[in-house]
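Each remark here refers to the structure printed beneath this line.
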Amino acid sequence: MEQFAAIDLGSNSFHMKVAHAEEHGITVIDRERDMVRLAAGLDASGLLTPEASERALGCLARFGERLRGLKPDNVRIVGTNALRKAKNSREFIAKAEQALGFSIEIISGIEEARLVYLGAAQSLQGDRGRRLVVDIGGGSTEIIVADKSDPVFLESLYMGCVSSSEKFFPNGEINRLRMRRAILSAHLELEPHIAALKALSAKDIIGTSGTARAINNVIMENGWSDTGITRKGLKKLVKKIVKAGHSDNLKLSGLSEERRPVFAGGVAVMMGIFKALDLEFMRVSEGSLREGVLHDLIGRVLYEDRRAVTVLELMKRHHIDMEHGRRVRQTTLTLFDQVKQKGLLQRERRLLGWAAQLHEIGLMIAHNQHHRHGGYVLQNMDLPGFSRQEQGALSIMVRLHRRRYHPDLIEGSVYVRSEALSLMTRLLRLAVLFNRGRTPIELPTIHVHVDETQVMTLGIPQLWLEDHPLTAADLDQEVELLRVAGLELRISRS
C-alpha cells in the first residue's frame, strides 16, 4: 500500500500525518506534532524573526526525515495564516523546502476553510442536518456551513488564539476589561456575516482543531458539561480565566502546559462566536485541516483532482470554448514533453495544461486586452484546490500568453520557480499562436529545444510555413517580442 503524507504548517502548531489509503477510508500509520507558534514569531514589521524560523526549521527537519522515500505526488504541505502574512515567507519557504525535501503550498483562507470542512466531514457520524463548522486556529478562524459534503458558505476571519492572546493579553496578563474587549473584538470581526449565517439555519454546530478540543477538554474535566462545549460552560471558563489574572496561573484540569499561553485568546474568540451567533452547544470533531489535506491529496492521486473539477467548472460558467482550449492544451503539452528534462516537474505539466484551458477566460469581460483581464480574474478569484503559488502561476501564464512579454511579472510572482514559469509561459504562447485559426488543423511536427542559456529553438518544416504565411508572420513577431524582453527564440526551417 502506498503511503500518503499531509503536513499542516499552522500559525500555532505544525502537524504531520502519514497514512495508507484503503478501499473504505484511510489508516493512519504515523503522526507528529510540534507547538511552533509561528504567528508569535511575526515582528511589528510583519517579518518572521530568526528565532521563530529556527524553531520551525528544526521541526521540519524532523518531519523531513520521516518523509524520505515518499513520492512527491503523495505529499502535500500547506501553510496557513502566519505564512500568508509573513513578508519574508518566500525566503523562509525556500529554507523549509530544503529541510523537508518537498514543496510547500501557501493556501488562501477560503481554501483552508474548504479543507477544514473536508477533514471534519470524514469524522462526523450521522446526519444531524445542516452543519456549522468553526475552526479557531492560531491566526485565523474558518467558518463553514455545509449540507453533508457540499459547503454553502466559506469564510476566513482574521482572529485566532495566538493573535487574540498577543493583542489583548500581552505578557499573559488577564483581567475582566481585557477579556471583555477580546470577546467584543471577535464579535465585531464576525459582524458582517452574522445575518447570512443565521439565515442559513445550521442545526449541527461543530468545533475543530486544537482550541476547540482544549476548551472541550477543560469544560468536561471540570464537570461544566457532559457532552461538549456549552454556553454555560464557556461562561464559567471565562470567569476562571479572569480570576487567574495571568496565563501562568491557569491551573485548569484538562489544560496542557503548551496550550496555556494562548488559551485565554482562544476562549475569547470562541465566546465571541457563541454570542454573535446565539449558540448554546457545540460538539467537537477530531477531523480538521490536516485530515482534509490528506483526503484531498488521496483524491488527487487515486480518484478525482479537485483542481481539474474547478477548471472545468470555470470553463462552463464563463462559456470558454472547450474545443479550442483542448487543442491549445494538447499542443502545449506536446511541446512541454520535449523540454521537460530542463528541470520541469510533473505537477507543472498539469498546471500548464490548466493554464491552456483557461487562457481565454478574460473574454468574459472584453475581447480587448482579454489576456490582462484573464490574469486579473485568476489572481483574485477563489479557485478550490489550488494553492496561492499555483494560482499565481496560472494568472501569470494567462496574463502573458499574448502580446508583450514582461519578465518582471514572473520574477515578482509568488511562484518561486521563476525559470520554470518563464519556460511554461513561452510554451503556452507558442501553442496559442499555432492554434490561432481556432479550427481543427493538422499541425506539423514541431521540434523544440532549450539550451542551458534558455535560448529556445523551434524546428518547423519550411513547406508548412510557406502554406501558412500568417503563422510564419506571427512567429517572426514572437521572435521580436521575446528579443525585447531579453529572451531568444530561433526558428529553424527544415
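What the table below lists for this structure:
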| read-out | value |
| --- | --- |
| Breaking point among (1) crowded, with 17+ Cβ neighbours inside 10 Å; (2) within 24 Å of Tyr117 (Cα to Cα), for Ala199 | (1) |
| Flag for Phe168 being among the aromatic types (Phe, Trp, Tyr) and more than 23 Å from the chain's Cα centre (by Cα) | yes |
| Residue satisfying condition, being of a type in the set (Gly, Ala, Ser), buried (at least 18 other Cβ atoms within 10 Å of the Cβ) and more than 26 Å from Val262 (Cα to Cα), within set Ser103, Ser149, Ser163, Ser108 | Ser103 |
| Close pairs from the stretch 458-481: first closer than 16 Å to Ser494 by Cα, partner surrounded by fewer than 16 Cβ atoms within 10 Å (Cβ to Cβ) and of a type in the set (Ser, Thr, Tyr), Cβ under 8 Å, at least 6 apart | Leu458/Ser492; Gly459/Ser492; Gly459/Ser494; Ile460/Ser492; Ile460/Ser494; Pro461/Thr445; Pro461/Ser494; Gln462/Ser494 |
| Tally, over the stretch 229-262, of residues that are in contact (Cβ under 8 Å) with a residue 12 or more places away in the chain, in a helix (DSSP H, G or I) and more than 22 Å from Ile206 (Cα to Cα) | 8 |
| Thr457 being β-branched (Val, Ile, Thr), under 39 Å from the mean Cα position of the chain (by Cα) and modelled with pLDDT under 95 | no |
| Among (1) touching a residue at least 24 places away in the same chain (Cβ under 8 Å); (2) out of contact with any helix residue (DSSP H, G or I) (no Cβ under 7 Å at 6 or more places or on another chain); (3) surrounded by fewer than 17 Cβ atoms within 10 Å (Cβ to Cβ); (4) within 26 Å of Leu433 (Cα to Cα) - the single one Leu302 does not satisfy | (4) |
| Residue match in the stretch 60-72 (condition: surrounded by fewer than 16 Cβ atoms within 10 Å (Cβ to Cβ) and touching a Ser or Thr at 6+ places or on another chain (Cβ under 9 Å)) | yes |
| Tally, over the stretch 19-36, of residues that are crowded, with 21+ Cβ neighbours inside 10 Å and not small (Gly, Ala, Ser) | 1 |
| Flag if Val18 is modelled with pLDDT of 95 or more and outside any helix (DSSP H, G or I) | yes |
| Of all residues in the stretch 343-377 being over 21 Å from the mean Cα position of the chain (by Cα) and exposed (fewer than 15 other Cβ atoms within 10 Å of the Cβ), the one that is farthest from His449 (Cα to Cα) | Ala366 |
| Among (1) surrounded by 18 or more Cβ atoms within 10 Å (Cβ to Cβ); (2) under 30 Å from Thr80 (Cβ atoms), the one test that Leu427 misses | (2) |
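The values are calculated or read from the model by the stated rules, or taken from the named source; none is laboratory data. Note that the structure is a prediction, hence the values are computed from the model and not measured. Cβ: placed from backbone, ideal geometry, glycine included. Neighbour counts: every protein chain shown.
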